[in-house]
Structures are given as structure tokens and as C-alpha cells.
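Take a look at the structure set out below.
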Amino acid sequence: MIGSSASRHGVLFVLITVFLDMVGYGLIIPVLPKLIEEVGHMGLADASVMAGWMFAAFSVAHFLCAPLAGNLSDRFGRRPMLLLAIFGLGCDFLLSAWAPTLFWLFVGRVLTGVCGASWVIANAYIADITTPDERAKAFGMMGAAFGLGFVIGPGIGGMLGEFGTRVPFIAAACISLLNFAYGWFVLRESLAPENRRPFDWRRANPFGAFRVFRSYPGVLPMCLVLGLFFFASSVYQAIWTFWGMAKFGWGEGMVGLTLTIFGLIMAGFQGGLTGPFVKRFGEAQTVAIGLVCAIIAAAGYGVAGSLAFVVVLMLVHGPEGFVHPLLTSMLTKRVPEDAQGELQGGISAIMSVAMLAGTVTFSQVFGFYWADDREWRSPDVAYWLAAGCLALTLVLYLRLKKDSPQDA
């Protein structure tokens, strides 16, 4: 643990890093479907399937590299690994901006997955500089920074997309490289030498991370809950843009606007209401509330008939933002201080695998039921499937909560 002043500066930089990274990611979301259609010479249904496979490539790379980055940060410190990830992300956006074929877009997604370890290391950084009692609030702020990035990113991306499908990628690259320059001068190391441990390849591979978690009581069952949650919630990044274009005829600007509204709502819940909800209901009960709202929202999008109804559902959807940061906070209390990077790497690996499976599944479902040759066409089936998966997640979580009263 470092001093309080340094802690405040460290938290601020990490929040800025997460915020700017999400701005960069968000910039490209509104234009990616059109870019795939343009480069691949295909229609919207086929582009949605291709986007699913691109995210699969991203997730495989992230799954393989995130535990490695987390373990390397436990050995060499958070600062060098975090800066390396940020710099690599900027270079990757430049590559994607100039991609002439689908192959190079796939390469770009793989590199994005490799460099996505910045989120893993940022979480470990937060765990280093906060006490266990402070982590729920800190991780809630991280979630708010994530959401705020989506407030700004997709909105700007939608506007920049009017000037060309590649312009948002160039803007995202500039943001990442400027963030790297800022961090080079202001970021201090958070992991004290006495809390570092030797690097071990057996703990650095993603499957090894799962084995190590078995030595910490209650970690693996909670990771299963996280995995199911990530699987179900991946429906939004899998089909939101395609669903809006297919069902409502949205353009890039409207896609960006809806993501901006959603990001603002999510950030408000995570940043402004996580603390009060935890104080009133406790971490475990707040997670349950978030899962219930997630079920209602997913099912609701599947029957939404207007933009106004979608916005109302976004308000209902907001408490879902409690789930990831609070489960992460609960997990950090179950592992020792010298394994926080390993924990975050393992969580990220679980997220990558779950979202890989979810994105491929939901994009395939969307493409299948929206194909031109279907007798019955609907853009909504994936949302109904996601709602069922979230219901299963809630049942499993409540069972674990019953068996682990210390989380109440």
C-alpha cells in the first residue's frame, strides 16, 4: 500500500486510463458494421456474423494474454505493463484504420485482445492502493469510468463516421497514444517490492490460473457466476448496432446516440449509486438486484417497439452495472495481496472465454433469424436467449449466496 496522496493520484490516472481506453473502443462501434460491409462486400446479416467471429478472435487473444499480463505485473510491477498495453492499443488502432481487407481487420482485433490487458492491470493497481473495505467503491468508480467512456466514445464515433468509416479508428489511435504519453510522466508504481513474487509459467497460462483459484475458498464458484453473466451480457456488443439498424433503421449517428445515453445511465448507477446501494443493501444483495434488472432489460429489448421504450428500458437496465464491480470486489477479499494481479488476469480470462462464446452465439442467432431467406424473420431472438441465461445466472448466484453467508 502506498501513501494516501500517491493513492489519490494513482486512482485518478487509472480512472482516466480506463475512461480514455473506453472512449477509443467506443469510437469504432458505430462504424464497424459499415466497415465490414464495405471491406467484405456483404450485407448486414452476413456482416453481423463476421463481426461475431472478429470478436471471437479478440477474445481468444485476450484469454491467452490477460493472465500472462497479470502475472507479469505481479513480478515486475503495474507501471511498465500498463504503459506497454496502452501504447500497443494505439498502434493497433492505426493498423485497423488502414486495413485493406477483412484479414487485416481480423489481425487488428487480435492485437486489440492482446493489448486489452490494460483493464486487468488497472484493476490490480486499484487493489494495490485501496483497503479491502474501499474496493467496492473504487471498482464502482472504475465501472463509471468505463461507462463514461461509452457516453463520449460512440457519440463522437457516430459523428466522425459521417466523414468516413476509418476516421474514428484514427481518432482512437490518437487518444491511446496521448494517454501513453501522459502516463509516462505521471504514473507511479503501486506494487511494493516486498509484495512481488517470482514469475511462474504454470500460473500465467489461463488454465493454470483456474487451477490456482481452487486453493482459494469460494473463488471458482463465483467465477462461474461471472462467466455466465459475461456470456449473457455479451449480447449487447454482439448485436446492438446490427439490431438497431435492422429493427429501427438507425444510422451511425443514432447508434452512437443510443450508446451515449446508455453509457450515461450506466455510469450514473455505477459511479453515483454503487456506494449508497452497498451501504443500504450490502454487496451481495446489490448484485442480486442488478441481475434481476438485467433479466427484465434483456427480455424487454426483445419486445421494444420504439426508441422511447428502449430509453425506458435503459433506465431499468442501469443496476446491471453493479454486478461486475461488486463481484470483483468480493473476489479480491478471498485471495492474498500478492495474487491480486493473478486474480484480475484470471477474471479477465474468464470474461474473454465467456464473451467469446456469447458474442459468437448471439451474432450467429441474429444472422440466422435475420437472413433474407428465412420464412420467419426477427432481430430479437438473441435478446430472449440472453434473458434466459441471465435468469440461470441469478439462480446460481442465489444458491451460492445462501451457502456463503459471509458475502451478505
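Derivation of every value follows stated rules applied to the coordinates shown; laboratory data play no part. The structure presented is a predicted model; accordingly, all values stated were derived computationally and were not measured. Counting neighbours? That spans all protein chains shown, and the Cβs are built from the backbone with ideal geometry, glycine included.
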Does region 122-195 come out rounded, prolate or oblate, given a ≥ b ≥ c as the square roots of the eigenvalues of its C-alpha gyration tensor, rounded meaning a/c under 1.5 and, failing that, prolate meaning a/b above b/c? oblate
Straight distance only, please: which lysines reach the Cα of residue 34 with their own Cα at less than 21 Å, same-chain residues fewer than 8 apart left out? 247
List the equivalent ellipsoid semi-axes of region 4-401 in whole Å, largest first, each obtained as the square root of 5λ for an eigenvalue λ of the Cα gyration tensor. 31, 24, 19
Region 67-85-region 165-191 distance, computed between alpha-carbon centres (Å): 17 Å
What number, rounded to the nearest 500 deg cm²/dmol, is the helix-based mean residue ellipticity at 222 nm of the chain, given -39500 (n - 2.57) per DSSP H run of at least four residues and division by all its residues? -26000 deg cm²/dmol
The chain: angle of helix 44-76 to the longest principal axis, Cα-based, in degrees nearest 10: 10 degrees
Using only Cα atoms and rounding to the nearest 10 degrees, what angle (0 to 90) does helix 307-317 make with the longest principal axis of the chain? 20 degrees
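Residue 316 to residue 384: extension gain in nm, 0.36 nm per residue of separation minus the Cα-Cα distance?
Here the segment from residue 316 to residue 384 would lengthen by 22.8 nm.
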Multiply the residue gap between residue 303 and residue 220 by 0.36 nm, knock off their C-alpha separation, and tell me the result in nm, one decimal place. 26.4 nm
FRET efficiency for residue 285 and residue 91, Cβ-Cβ distance as r, R0 = 60 Å, nearest 0.05? 0.85
